[in-house]
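Accompanying notes for the structure given below.
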Amino acid sequence: MKVIIQILESFKFAWNELKVNKFRTILSLSGVTVGIFLITAVFTLTDALESNLKGSFSFLGTNIINVNKWPYGNLGEDYKWWEYVNRPYPDLSDYEYLDENLELGQGVTLYAIRGNQSFKNGNNSINNCFLNGVTFSYNDVFDFKMSNGRYFSRMEADFGRRVAIIGIHVKDALFPNESALGKTININGMKFGVIGIFEKEGKNIFNSASKDDMCFIPYKAFNRLYYSGANRGIGATIAVKGDENDIGLVELEGELRGLMRRKHSLKPKDKDDFALNRTEHIANMISGIFDVVGIVGWVIGGLSILVGGFGIANIMFVSVRERTNIIGIEKSMGAKNYFILFQFLFESILLCLVGGIVGLIIVYFLTFIPMGLEPELTVKNITIGVTVSVIVGTLSGIVPAGLAARLDPVIAIRTNG
C-alpha cells in the first residue's frame, strides 16, 4: 500500500512540474504530437481507402470461387500467359454439368459481361454501360437489391426471353419522367422488355462496375447477341458460392477441380485447362499494397517521433539538473530511489502521452472533413497512438530518471540548479 501511495505521489509531482513549466512542456510534446498525428492519420486514411477499394470489388462476391480461362495474378514475369491463351472459356455446358453434379456449393451460376454498351428507347439513349448475361441462379450466388419490379423467372432464363433488369442511371436516361416497367429498350438492335430496376448503389472509388449503369438479361439471350465460342468472343465466368463451414473453400475447390477435369476429359498427367480463382486474391493484393503504405507511414511518423523523443530526453536531463538540489532534499527526508525514478519517468511519459492525445484529437477532427473516403478513427489506431506514446515516453525518460535516482543526497543538496 505504501508503494502505491508513493507511486501516486510521484505521478502528482510529475504533473505539477509539467503545469509549472508550460512553455517547455508545449515545446517538448510538439514533436511527439506531429509523429503520432502522422502515423495515426496515415493508418486512418489507408484503412478508409482500403475499405473503399474492397467495397468497389464487392460485385465479385464473397466466399466464392470463379472458374475462368485466365488465373488472377500479377501480370509480371511469373505470369505464364502462353500456357493460358489456348484454354477454352467456361461455357453453358460446363455450367450445366457443375449445376447437376456439384454437391458442396451453395449455388452456381454462369455470367458474362460486355462493357461500353449503348441502350436506346426512342430518342433517348445512354452510352458506356455494362450488359450482363446471367443464368437464373445468379441471385443464389450474388447479393443485390431491387427497387422495383422482379427478377427473371426460370422459364425466362432457360429459354432466353428478351427481358431485362436495368440500373437506376439507365432508367433515368431512357425513361426520365415515366415508369420503365413494362416498357422496352433497344440493345444491339434487339428489343428487351424491362421487368425490374436495381436499387441505387452510388459511385465507388473507380466510378465503375456499379449496377446503376448495368443491364442484366438472361444468358441465352446474351449469347444470341454476342457469340461466345471456345477461344473467341466474350469470356464467361462460372461462379460457385461455398459453404461457410468449408474453411478456405478447400473442399469446394477440390470438388470443382475434379468435376471440371472430368468434364474436359483430362488425363491424370494433363494440366488443368481452366483456372479456379478466389475473390479474396484481389483483397489480399489490395491489403499487400496498403501494408507497404503503412510501413511508409511508420517511417515518416517514426522520424518525427525520434526527433521528439530526443527533445524530451534533453528536456528531462535539463529538468534533472535544475532539480538536483530538490532531489537531494527529498532523499535526505527518506525518499526512495524508485520514488525519484518514477517522478521523472512519469513526467516523460506524461509529456509523450499528452502529445499523442493531441495528435489523435487532430486526426479525429480531420475525419469530419469531406473527402469521399469516410475515414474513421478506430479503436485499433487509437491504441497504436497511445501505446507508441507511452513507449517513447518510457525510452526518453528512463536514462534521465535513472540518473536522478542514483544521485548522492549529500552531493545533490550542495549542488545549485
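The values are calculated or read from the model by the stated rules, or taken from the named source; none is laboratory data. Note that the structure is a prediction, hence the values are computed from the model and not measured. Note that we place each Cβ from the backbone using ideal geometry, even for glycine, and neighbour counts take in every protein chain shown.
Listed by position, the strands (runs of 3 or more DSSP E) inside the stretch 115-203 whose residues that are assigned by TED's automatic domain parsing to the domain that holds residue 213 and within 28 Å of the chain's Cα centre (by Cα) number at least 3 are 124-134. Name the one entry in 305, 300, 329 that is over 41 Å from the mean Cα position of the chain (by Cα), in the same structural domain as residue 405 (by TED's automatic domain parsing) and β-branched (Val, Ile, Thr). Answer to the selection: 329.
Per this entry, residue 345 is counted among residues that are in a helix (DSSP H, G or I) and either of a type in the set (A, V, I, L, M) or closer than 16 Å to residue 412 by Cβ (or both). In this structure, is residue 406 in contact (Cβ under 8 Å) with a residue 40 or more places away in the chain and loosely packed, with under 15 Cβ neighbours inside 10 Å? Against the criterion (in contact (Cβ under 8 Å) with a residue 40 or more places away in the chain and loosely packed, with under 15 Cβ neighbours inside 10 Å), residue 406 qualifies. Would you check if there is a residue in the stretch 117-130 being buried (at least 17 other Cβ atoms within 10 Å of the Cβ) and touching a Gly at 6+ places or on another chain (Cβ under 9 Å)? Yes, the stretch 117-130 has at least one match. Does residue 284 satisfy the criteria of being loosely packed, with under 13 Cβ neighbours inside 10 Å and modelled with pLDDT under 80? In short, yes.
List the number of the failed condition for residue 144; all other conditions in (1) modelled with pLDDT under 90; (2) surrounded by fewer than 18 Cβ atoms within 10 Å (Cβ to Cβ); (3) farther than 30 Å from residue 260 by Cβ; (4) touching a helix residue (DSSP H, G or I) at 6+ places or on another chain (Cβ under 8 Å) hold. All conditions pass for residue 144, except number (3). Looking at residue 55, is it surrounded by 19 or more Cβ atoms within 10 Å (Cβ to Cβ) and either closer than 24 Å to residue 313 by Cα or at pLDDT below 80 (or both)? No, not satisfied. Somewhere in the stretch 319-340, is a residue under 20 Å from residue 32 (Cα atoms) and either at pLDDT below 85 or in contact with a Ser or Thr (Cβ under 8 Å, 6 or more places away or on another chain) (or both)? Scanning the stretch 319-340, I find at least one residue that is under 20 Å from residue 32 (Cα atoms) and either at pLDDT below 85 or in contact with a Ser or Thr (Cβ under 8 Å, 6 or more places away or on another chain) (or both), so the answer is yes. When 384, 329 are screened for being surrounded by fewer than 20 Cβ atoms within 10 Å (Cβ to Cβ), within 18 Å of residue 46 (Cβ to Cβ) and touching a residue at least 12 places away in the same chain (Cβ under 8 Å), only 384 passes.
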